[in-house]
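Data first, discussion second: the structure below is written as structure tokens.
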Amino acid sequence: MDGSTNSLDDVSAESSTEFPDRLSLMEVRLQAQEDEITLLKSSLADALRKLRLHDQQIPLLKQQLIAVNPAAARVLNQSCYVDGFSKPCRLSSSSLDGFHHTSNSHVSNTAENGEGGAKTDCSHKPSTSDMCTQTEPWIPDHETVPLSLTRAAQSLSLEDALTESIPFADETPIELRREAEDADEVERGKDQTWSSIVEDAIQPTTIRTLQKQQSKGSEDSQGSCPQTPTSSSPAPPKEPTSSPHGGPLSPIREGEKMLVRRNSEKSKDSQEKTKQRLSKKAASSTNLLTRSPSLESRAKDLISSTGSQGSRRGTQSQSIKMFIRGRPITMYIPSNILNYEELKMDLPSQKLDLDWVYGYRGRDCRANLYLLPSGEAVYFIACVVVLYHITNQTQRHYRKHTDCVRCLAIHPDKVRVASGQTAGVDKDGKPLQPFVHIWDSKTLVTLQQIGLGTFERGVGALAFSSSDGGTLLCVIDDSNEHMLSVWDWNKNIKHVEVKSTNEAVLAVDFGPTDTNNIISCGKSHVYFWTMSAGTLTKKQGIFGKYKKPKFVLCFVFSLTGDVLTGDSEGNILTWGKSAADIKTLGKGAKETFQIMKQTRAHEGSVFTMCVLQGGAILSGGGKDRKIIRWSADLAPERECEISEKFGAVRTIADVDGEELLVGTTRNAILRGTFSDGFVAIVQGHVDEMWGLATHPTQNIFLSCGNDRQVCVWNAENHKLDWCTTLEESGLCADFSPNGAVVSVGLSTGRWVVLDLQTKEVVSDLTDGNEQLSVMRYSPDGSFLAVGSHDNFIYIYSVTEGGRRYTRFGKCTGHSSFITHLDWSKDGKYIMSNSGDYEILYWDVASGCKLLRNRFESKDREWASYTCVLGFHVMGVWLEGSDGTDINALCRSHSESMVAVADDFCKVHLFQYPCPKLKAPSYKYEGHGSHVTNVRFTHNDSHLLSMGGKDTCIFQWRVKGAGTGDHSKEHLASSSSICSSSSSTVNGT
């Protein structure tokens with residue numbers, strides 16, 4: 001990463017640090033409130049279902065009650081008043097719970113207790129319970145019940161009243177309650193990392209346990225306020241207690257299981273807190289009722305959508321929680337994994353080897369293209385120095401740099417190469433130290449590393465000495481003073497170091513005949529340095545009567561020893577030594593370097609110059625994009641103009657006196673002659689890239705980015721097949737399954753469909769007004785899902801081979817922008833991720849319906865896996881990761897490995913699946929910026945990774961097992977691993 005770009009990014013990041021933290025906290029609180037609302041709905045649904053079941057048993061319960069306690073028959077038909085309402089209500093079966101007692105328990109009339117007894121009993125107001133909660137005043141006609149039995153009955157749950165023949169209701173409210181409790185724990189600031197939650201079933205108890213408790217606890221019987229749960233106004237669940245299910249279970253008489261409401265005794269302070277919490281939840285309930293036309297029908301939908309209780313109980317379902325930025329994310333374990341804790345994560349059996357690098361850094365670097373005697377062109381991009389054989393069309397790569405390469409220098413022997421890099425930062429944002437590597441271009445072996453701990457920010461310019469056989473190396477760093485240092489690179493000894501200038505320095509070189517002479521140029525200056533006795537003396541070039549240019553961009557030495565400079569005014573200036581002007585400078589003035597001649601060369605800047613073997617000079621222009629050949633005395637001989645689509649001329653390398661290599665400002669390398677013109681042999685993007693897609697049947701891939709270019713590449717011959725320019729930035733793309741068209745999502749909500757044969761736009765639509773982040777066709781190509789930053793997923797039906805699109809529906813439910821999505825193998829469901837780390841599932845076939853019970857999707861198979869959040873890829877996240885640390889991932893078609901693109905310039909290769917923390921991986925470096933996307937080719941033979949601001953694409957060769965026929969074997973072994981608790985994942 002170059003320092004200039006990163007500095008802007010750092011400032012932007014620091015200025016917006018506080019806002020995301022507040023936003024994240026608000027999101028956590030909002031999620032907790034949403035969980036409470038969902039819990040309320042689920043609790044109501046559960047209560048309605050249970051009440052329907054119990055109402056069917058009321059006659060039986062009455063008979064059993066009368067048989068046990070005939071005195072209770074008097075109150076069966078009495079009316080009571082619900083708190084706060086004057087409307088009388090009939091006692092339901094649950095109101096009878098307080099009158100069940102043993103035959104030896106004495107019955108006393110409330111009149112014996114008097115008013116005091118009534119006041120004492122009614123002054124105790126029970127707190128809210130998990131299910132339906134209503135309190136009611138004491139009715140004097142009711143008879144008291146033994147206190148021990150009352151307390152035992154108050155701890156019962158609704159499930160305890162069910163008979164064994166009646167199935168339990170859905171446990172979804174319990175799961176939702178746990179998610180709400182987890183959200184509350186996050187708000188209290190608990191430091192949680194990873195936890196495993198096993199959902200336990202609630203078992204009913206028996207009457208014998210209650211009888212034992214009664215016989216042991218001999219407390220005097222006192223009256224208790226009977227309570228009647230109603231379904232018309234359910235209260236929210238109570239605060240989390242020590243029991244994960246809201247209270248212990250208690251027995252009733254053998255053969256009888258009755259509906260009893262749970263109650264707990266709390267202090268007055270806790271009662272006040274409960275009232276405050278009830279008021280808040282009441283508001284949420286009001287909002288819920290206003291949004292829902294029929295709460296009871298919604299409750300029925302919830303019950304039907306949560307699945308059968310029997311299947312849930314039979315599997316003893318498990319879930320795993322991971323935390324990102326303090327937010328819990330629940331992952332459900334698939335059914336075929338019987339022993340999650342015993343799963344072992346190994347390295348994948350495949351590895352990656354860098355096969356090809358697409359791109360060239362010409363937009364902001366100079367003197368970065370040279371031709372070696374071996375026939376290889378040397379240039380750099382990102383952290384890689386590429387050696388490209390222009391005839392054989394093969395590449396080799398020097399990859400020992402840890403950050404972006406900024407400059408190159410070729411030794412006089414034309415074999416050894418010096419390359420300097422920028423400083424960059426580590427994972428924690430701390431600055432790293434730049435250095436220079438000297439290496440052998442034949443063996444790619446590093447010969448020396450110099451300057452570690454000496455240079456600041458980066459290395460801006462390099463030059464080997466020529467008159468002494470390349471013993472010395474001159475380096476100028478990117479510090480404020482642009483320190484100039486001279487090294488004996490072979491011995492790693494620094495001879496001299498001096499402050500150069502506070503202005504930008506663009507080039508440096510030794511004199512061709514004297515090692516003690518050094519020249520540097522840059523913003524508004526040309527300096528002539530003399531090295532003597534371990535010191536450097538600087539003399540500034542005098543422009544005199546000539547206009548001083550804003551930049552002196554390049555210089556060369558003519559065969560006569562003159563210095564020729566090219567500047568931002570379009571002139572070539574010839575410099576020479578002159579006697580001191582005593583009249584102007586006074587006595588003792590030394591000789592100076594002055595302009596001897598000015599030649600008008602180009603319209604706009606002169607970006608580069610090159611001296612040919614015969615003494616002729618080549619110059620490359622900026623604005624006019626011309627390459628001009630000059631004679632030794634600067635008389636123009638020939639010229640040509642390169643195409644506008646390639647940009648201006650950045651640098652020129654001589655091949656054989658006639659043929660030239662030209663690097664351009666739009667990151668292309670051209671090859672040609674003045675007579676035949678120039679063609680591109682290397683091309684690349686010129687701005688940050690995000691969109692990457694691979695063809696379903698061919699070795700073709702597409703890239704798009706902020707430069708508005710859509711490029712289709714051939715991964716076999718490493719050439720750009722074709723390129724088109726759009727009106728807006730392309731951010732995402734996907735090929736249709738038939739391979740005939742490709743859809744590209746743009747930055748304004750617009751998306752286009754391109755025909756690969758005609759290269760024409762066959763469809764042009766717009767969804768919303770915010771940028772699109774993902775395009776994904778269903779496996780059979782009948783649907784297209786468009787994920788947007790407006791939080792929606794738009795679904796289109798596709799006809800006519802991908803050339804006609806009709807809006808089918810819209811998936812609504814995410815609370816943040818869509819980041820990734822995948823289709824199921826049957827093409828009916830979608831899994832999606834969002835910017836607030838949500839995982840949602842959608843039933844597209846049923847009208848883009850949100851599946852509220854994510855548990856049902858745990859065993860669903862996905863046609864692709866690009867979602868960064870999910871059970872099968874949970875292990876790719878490091879502990880303490882920020883939610884944006886991983887930009888993209890991609891599962892191979894063989895389903896044996898998963899590649900990950902992170903924010904720290906690395907590509908990771910994991911085994912698939914990798915559902916456990918600290919899953920091992922192979923890490924690959926080379927990118928100089930955040931890696932924005934990764935994709936496997938159709939046959940998993942190669943992996944493509946895309947850098948963001950380094951504007952390069954790496955093509956990695958997949959080596960080892962996992963491709964071809966072996967992929968099926970790996971899938972079979974993976975299945976056996978998942979279904980066996982004693983097996984381990986194999987890897988090398």
Per the filter on region 829-861, residues out of contact with any helix residue (DSSP H, G or I) (no Cβ under 8 Å at 6 or more places or on another chain) and aromatic (F, W, Y) are Y837, W842
Expected output for region 610-621 (first residue in a loop (DSSP other than H, G, I, E, B), partner among the small types (G, A, S), Cβ below 7 Å, 6+ apart or cross-chain) is L612/G657; Q613/G657; G615/A632; A616/S631; A616/A632
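How many residues, within region 466-504, are among the β-branched types (V, I, T) and under 20 Å from K539 (Cβ atoms)?
Qualifying residue count, region 466-504: 5.
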Taking first residues from region 345-364 that are modelled with pLDDT of 95 or more and part of a strand (DSSP E or B) and second residues anywhere that are buried (at least 18 other Cβ atoms within 10 Å of the Cβ) and among the hydroxyl-bearing types (S, T, Y), the pairs with Cβ under 7 Å that are 6 or more apart or on different chains are L352/Y924
- Test for D656: is it within 21 Å of I617 (Cβ to Cβ) and out of contact with any strand residue (DSSP E or B) (no Cβ under 6 Å at 6 or more places or on another chain): yes
If you go through T884, T932, the only one that is part of a loop (DSSP other than H, G, I, E, B) and either modelled with pLDDT of 95 or more or of a type in the set (S, T, N, Q) (or both) is T884
Expected single match for among the β-branched types (V, I, T), free of Cβ contacts under 8 Å to residues at least 12 places away in the same chain and not in a loop (DSSP other than H, G, I, E, B) among V679, V662 is V679
Test R852 against the criterion of being within 25 Å of H908 (Cα to Cα) and of a type outside the set (A, V, I, L, M), and give yes or no.
-> no
| said: Being surrounded by fewer than 23 Cβ atoms within 10 Å (Cβ to Cβ), at negative phi and out of contact with any Cys (no Cβ under 9 Å at 6 or more places or on another chain) is the requirement here; does E770 meet it? | reply: yes
Reported set for region 623-634 where residues are among the aliphatic types (A, V, I, L, M), closer than 19 Å to G604 by Cα and assigned to a loop (DSSP other than H, G, I, E, B) is L634
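The values are calculated or read from the model by the stated rules, or taken from the named source; none is laboratory data. Computed from a predicted model, the values in this text were never measured in an experiment. Using ideal geometry, Cβ is built from the backbone for each residue, glycine included, and neighbour counts are taken over all protein chains shown.
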